[in-house]
Amino acid sequence: MQRRYSLGHLIFAIVLMLSLTFLMVCADAQAQIAFGSDRDGNTEIYVMAADGKNQRRLTNNPASDYSPSWSPDGKRIAFVSRRDGHVHPIHGRPTSEIYVMDADGGDQQNLTNDPHHDYSPSWSPDSKRIVFGSDRDRDNNPHNTEIYVMKADGTNQRRLTNNLTEDMYPAWSPDGGRIAFSARREGHVVHNLDITYEIYVMDADGGNQQRLTENRHNDMYPTWSPNGERIAFVSDRKGNWENYEIYVMDADGGNQQKLTNDRGDDWWPSWSPHGERIAFMSERDGNTEIYVMDADGGNLQNLTNHPGGDSGPAWFNSPFSVAPVGKKFTMWGWLKQVNR
């Protein structure tokens, strides 16, 4: 009797395992990609299936909405908007703020409210915090931008970096322990009489800041692979006609490789849930469109094909797509016990 009971549990576990495996394999196809587009005369947030189908608009505002970022639980999308009517105290143009909305575009709420630029939101893996860039301390230094963090409701905003130059484009690691970002800091190699951007990483509290890239050109827009082992980024380093291309490297900065090679700029990489593909925006057809390629740079495909500009793709990483770094699904341990 005990044997039949254990065998039944084993069969159930195998069926459950196969079902979860199927969900994980299909995660890339089922996942959605949010992006910005001006196809309706104004930049708004759109969403589409991972194959480019079912494109639909989520925001509808006279001001520009762009730079979407999915919460890891898939319930919300953070984005940048200029809808508040604030005017920047230095250059006199409308400022950008961080907003959040439900995944279907409902319940849009303002999270930051500062007379400076807040931009590039990135969620913590537990969906409880958002890291972002801001130039709110620029009044005393016109070349200063820093990395900030806040709770997902906009409260408890605090600065993580404190440098005389620019720290920008933060991206939270999948394990929640680190934040990658771009920085222009003193001592970088000068290119065209300007300080170049490099990729840095720091602990989630701002400590232990380390540089990952070092070359004579700009390295920007870092984004972590779902397993946290690699970082995709953008660079205009030599060999690509001075245009921006997509690169990838190990999380410690090693093994840097170029993935794209085109005369049009390639920007804003975003990993698929399994880490097998990378979405990005490109100007290779004379207009900004969203493309996708394999993680090694092969199998390039155009997802959008519209006269309007499409930009800033953000791939929603399903919680079924990949186990957190260093962890396994609870089911695997239970299955092992059943097999005893």
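A compact table of results
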| item | result |
| --- | --- |
| Residue check for His306: open to solvent by 10 Å² or more (accessible area, probe 1.4 Å), in contact (Cβ under 8 Å) with a residue 60 or more places away in the chain and more than 26 Å from Asp73 (Cβ to Cβ) | yes |
| Test result for Arg263, without any contact (Cβ under 8 Å) to a residue 40 or more places away in the chain and either among the hydroxyl-bearing types (Ser, Thr, Tyr) or loosely packed, with under 13 Cβ neighbours inside 10 Å (or both) | yes |
| Contacts under 7 angstrom Cβ, first residue in region 208-225 being at positive phi, partner at pLDDT below 95 and open to solvent by less than 30 Å² (accessible area, probe 1.4 Å), 6 or more apart | none |
| Any hit, region 25-37, residues being at pLDDT 95 or above, of a type outside the set (A, V, I, L, M, F, W, C) and either more than 14 Å from Phe316 (Cβ to Cβ) or not in a strand (DSSP E or B) (or both) | yes |
| Those residues of region 197-217 which are over 13 Å from Asp252 (Cα atoms) and buried (at least 23 other Cβ atoms within 10 Å of the Cβ), in sequence order | Tyr197, Glu198 |
| Region 272-282, residues that are touching a strand residue (DSSP E or B) at 6+ places or on another chain (Cβ under 6 Å), touching a residue at least 40 places away in the same chain (Cβ under 8 Å) and open to solvent by less than 10 Å² (accessible area, probe 1.4 Å) | Ser272, Ile278, Ala279 |
| Candidate set from region 224-242 (those that are open to solvent by 30 Å² or more (accessible area, probe 1.4 Å) and at pLDDT below 95); member that is nearest to Arg263 (Cα to Cα) | Trp241 |
| First in region 40-57 and assigned to a loop (DSSP other than H, G, I, E, B), second anywhere and open to solvent by 40 Å² or more (accessible area, probe 1.4 Å), Cβ under 6 Å, 6 or more apart | Thr43/Tyr66; Ala50/Ala29 |
| Residue match in region 246-258 (condition: under 24 Å from Tyr119 (Cα atoms) and among the charged types (D, E, K, R)) | no |
| Every pair of residues 6+ apart whose Cβ atoms lie under 7 Å, when the first sits in region 143-155 and is in contact (Cβ under 8 Å) with a residue 60 or more places away in the chain while the second is outside any loop (DSSP other than H, G, I, E, B) | Ala152/Arg129; Ala152/Ile130 |
| Some residue of region 252-266 being in contact with a Pro (Cβ under 6 Å, 6 or more places away or on another chain) and at pLDDT 95 or above | no |
| Residues satisfying the stated conditions in region 36-76, i.e. open to solvent by 70 Å² or more (accessible area, probe 1.4 Å) and among the polar types (S, T, N, Q) | Asn54, Asn60 |
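The values are calculated or read from the model by the stated rules, or taken from the named source; none is laboratory data. Predicted, not measured: the structure shown is a model, and the values here were computed from it. Cβ sites come from the backbone with ideal geometry, for glycine too, and all protein chains shown count toward neighbours. The accessibility values were calculated without ligands, DNA or RNA, using every heavy atom of the protein model including side chains. Shrake-Rupley method; radii C 1.70, N 1.55, O 1.52, S 1.80 Å.
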